[in-house]
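Participant: What follows is a single structure, and I will ask about it in a moment.
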Amino acid sequence: MVIGIIGASISGLIAGKRLAEAGHDVTIIEKDRSLGGRLKTVELDNLNLDVGLTHFDVNTNTFGSFVKEQIEKGAVQKWTKDFGLYDGMEVFDVDPNSDSRQYYTGSNGLQSLAESMGRWVDIKSEEKAGGLTYIGPDRSKKRSWMINLTDTSVFECDAVIIATSAVDAYGVLQTAQNKTETRRIIRHIDEIRYDGCFSLAATYDDQEVPDWEGIECEKSSIKWISNESSKLGTDKTALVIQSTPEFYRKYAQKSEEEVKELLLEEGSNILGSWVRRPQSTYIENWKYFKSKNPIDEYFMELELEDAPLALIGDYLGGSSLENAFVSGYNLSEYWKKKYTEVTA
C-alpha cells in the first residue's frame, strides 16, 4: 500500500517508520525544511539548542521502550529529576511542588530523534499539501487519493495520514469534505485550541554557566528557562527562554526584535543583568505550540472503502511529546494488523 503522510511531526515519523518496516511504501510531505515539528534544534555559536520542546518525561511502556533504545544509541540522555522555581520574587533551587520525575533530553539536540526516524521513509521537505482529492473505488485511477501540493503537482496514494496541527488538518480536510464524509472529523478538530509561544535562544560570552538545569516561572511573562549548556557539557552559557501564552497573545504582532528585548529584560529580572547582553540570539514563533483541549482518543480514522484516512498528532490523547508519539505508534499498529496481510 502506498501511504502519504502529511507532516513530519514525531507522530507522522513514528507511524511512517513502523508502516515502512511492515512493507508499505511511505512518503512524508513536510512544508518545512526541518523534520520533527516541535523537536526543533538550531545551531548558535556552534551549539545545538532546542527551541521547541527542551525536554520530556516518560509515562508509558510504549514510549519508554523507544526512549531506552535511543539512550542505547546515544541519541537521548537523562537530564535531571528536579527543576528550579521562580515564584515572581526569587529563584528556588528546587520547585517545592515538583513530583521529582526523571526528565530526558537529546544528547546533541532533540531534532536528531526526528532525523533518525526519517531515514526509513521518503521525505518530500519544503512541499506543502494544499488539499485532498478523493478518487475512491474508481478503477480508472491507480490510487484512491491525490494529495494536491501547492506547487500544482500531486502525490497519488492508497491511504492518507494527516500528522499536522489540528488547524492545518482542518484546512486539508475541508478541501475533501464535499466528496467524502469528513464532516464528523472536521467538527471535532475545529474545537481544538492552541497556546502560542515565543522561544528565544541566547548565548553568552565570558559568563559562568549556571549550576541549574531549568527554571519554571510563575507570575512572569516567561514560563520556562532552559540551561542548554547543562545538556551539552559546554563551558559556554546558552539559554532558551520561553514565553507564557498570555505574553504570546499580547505581542504576537510585534517584531521579533521587540519580543526579544522584552524577554531578555524579563530574564534579567529573574537571573541578573547579564541576561540582557547576549552574544547571539535566535527567536522562534510557535503559533500552535501546545493544544489546550486535546481529543480523548489517540487517532481518528475515516473508514472509506479502498481509501483509508487517519489523523494523528499532539492534540489526540494529550498534548505532550509522548502523547504525539503514542498517537502515531498506535495508528501504525492498528493499520499493520488491518492492512499488511492483505497488501503483503
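Participant: What number comes out for accessible area per residue over the stretch 186-344 if the probe is 1.4 Å? Units Å², please.
Facilitator: Per-residue value: 47 Å².
Participant: When only C-alpha pairs under 8 Å and at least 6 residues apart count, what is the relative contact order of the stretch 1-53, in percent?
Facilitator: With pairs under 8 Å counted, the relative contact order is 34 percent.
Participant: Follow-up. Please name whichever of Leu316, Phe92, Phe198 sits farthest to the positive end of the charge dipole of the chain, dipole taken about the Cα centre and charges placed at Cβ: Lys and Arg +1, Asp and Glu -1.
Facilitator: Leu316
Participant: Can you give the local net charge around Thr60? Use residues other than it whose beta-carbon is closer than 14 angstrom to its beta-carbon, Lys and Arg +1, Asp and Glu -1.
Facilitator: -1
Participant: Can you give the alpha-carbon Rg of the stretch 24-135 over 2.2 N^0.38 Å, where N counts its residues?
Facilitator: Relative to the 2.2 N^0.38 Å estimate, the stretch 24-135 comes out at 1.35.
Participant: To continue, here is another question. Calculate how large, on average over all directions, the projected area of the Cα convex hull of the stretch 202-333 is; give the answer in nm² to one decimal.
Facilitator: So the Cα hull casts an average projection of 11.0 nm².
Participant: Another question, if that's okay. Return the calculated 222 nm mean residue ellipticity for the chain, to the nearest 500 deg cm²/dmol, obtained by summing -39500 (n - 2.57) across DSSP H runs with n ≥ 4 and dividing by the residue count.
Facilitator: Mean residue ellipticity at 222 nm (helix-derived): -8500 deg cm²/dmol.
Participant: In whole percent, how big is the carbon plus sulfur part of the accessible area of the stretch 88-171, probe 1.4 Å, protein atoms only?
Facilitator: 45 percent
Participant: When DSSP assigns beta bridges and you keep just the ones with both residues in the chain, what percent turn out antiparallel, to the nearest 5?
Facilitator: Around 70 percent of the beta bridges assigned by DSSP in the chain are antiparallel ones.
Participant: What whole-number value in cubic angstrom gives the convex hull volume per residue for the C-alpha atoms of the stretch 102-234? Display every interim value, and only then the final one.
Facilitator: Details: hull volume 26.5 nm³, N = 133.
Per residue, the Cα convex hull of the stretch 102-234 comes to 199 Å³.
Participant: Count charges around Asn293 for me, please; just the other residues with Cβ under 9 Å from its Cβ, Lys/Arg as +1, Asp/Glu as -1.
Facilitator: With Lys, Arg at +1 and Asp, Glu at -1, the neighbours total +1.
Participant: Oh, and also: If you take the Cα atoms of the chain, find Rg, then find the Kirkwood Rh from the mean of 1/r over all pairs, what is Rg/Rh?
Facilitator: A ratio of 1.00.
Participant: Report, in debye and to the nearest 20, how large the dipole of the stretch 39-119 comes out about its Cα centre when Lys and Arg carry +1 and Asp and Glu carry -1 on their Cβ. Present the calculation step by step, with values, prior to reporting the outcome.
Facilitator: Details: 7 positive and 13 negative charges, 102 e Å.
Result for the stretch 39-119 is approximately 480 debye, rounded to the nearest 20.
Participant: Picking from Ile241, Gly136, Met146, whose Cα lies most toward the positive end of the charge dipole for the chain (charges on Cβ: Lys, Arg +1; Asp, Glu -1)?
Facilitator: Checking the options against the dipole of the chain, the answer is Gly136.
Participant: Also: Which distance in nm do the two modelled labels at Glu69 and Asp25 give, with both placed 7 Å along the Cα-to-Cβ direction?
Facilitator: Using points 7 Å along Cα→Cβ, the separation is 2.5 nm.
Participant: Now, a different point. Sort out for me the Cα centre separation of the stretch 278-313 from the stretch 314-333, rounded to whole Å.
Facilitator: Rounded to whole Å, the Cα centres lie 9 Å apart.
Participant: Let me ask something else. Please arrange Phe83, Phe289 by accessible surface area, largest first, computed with a 1.4 Å probe and ligands excluded. Please report the intermediate quantities before stating the final value.
Facilitator: Working: Phe83 5, Phe289 30 Å².
Correct descending sequence by accessible area is Phe289, Phe83.
Participant: Want the number for Asp93 to Asn61: 0.36 nm per residue separation, take away the alpha-carbon distance, what's left?
Facilitator: Taking 0.36 nm per residue and subtracting the Cα distance, the gain is 8.4 nm.
Participant: What's the carbon and sulfur percent of the stretch 206-311's accessible surface, probe 1.4 angstrom, rounded to a whole number?
Facilitator: Answer for the stretch 206-311: carbon and sulfur cover 41 percent of the accessible area.
Participant: With every protein chain left in place and a probe of 1.4 Å, what is the accessible surface of Met300, to the nearest 10 Å²?
Facilitator: Probe radius 1.4 Å; accessible area of Met300 about 0 Å².
Participant: If you count only protein heavy atoms with a 1.4 Å probe, what accessible area per residue comes out for the stretch 119-176, rounded to a whole Å²? Numbers along the way, then the final one.
Facilitator: On the way: 2850 Å² over 58 residues.
The answer is 49 Å² per residue.
Participant: With θ set to phi - 60°, apply the Karplus curve 6.51 cos²θ - 1.76 cosθ + 1.60 along the stretch 211-219 and write out the HN-Hα couplings as whole Hz, x wherever there is a Gly or Pro.
Facilitator: For the stretch 211-219, the Karplus-derived couplings read 9, 10, 8, x, 10, 8, 10, 10, 6 Hz, x marking Gly and Pro.
Participant: What accessible area, in Å² to the nearest ten, does a 1.4 Å probe give for Trp224?
Facilitator: Rounded to the nearest 10, the figure is 20 Å².
The values are calculated or read from the model by the stated rules, or taken from the named source; none is laboratory data. Since the model is a prediction, treat every value here as computed from it, not as a measurement. Note that we place each Cβ from the backbone using ideal geometry, even for glycine, and neighbour counts take in every protein chain shown. Only protein heavy atoms, including side chains, enter the accessible area calculation; ligands, DNA and RNA are left aside. Shrake-Rupley method; radii C 1.70, N 1.55, O 1.52, S 1.80 Å.
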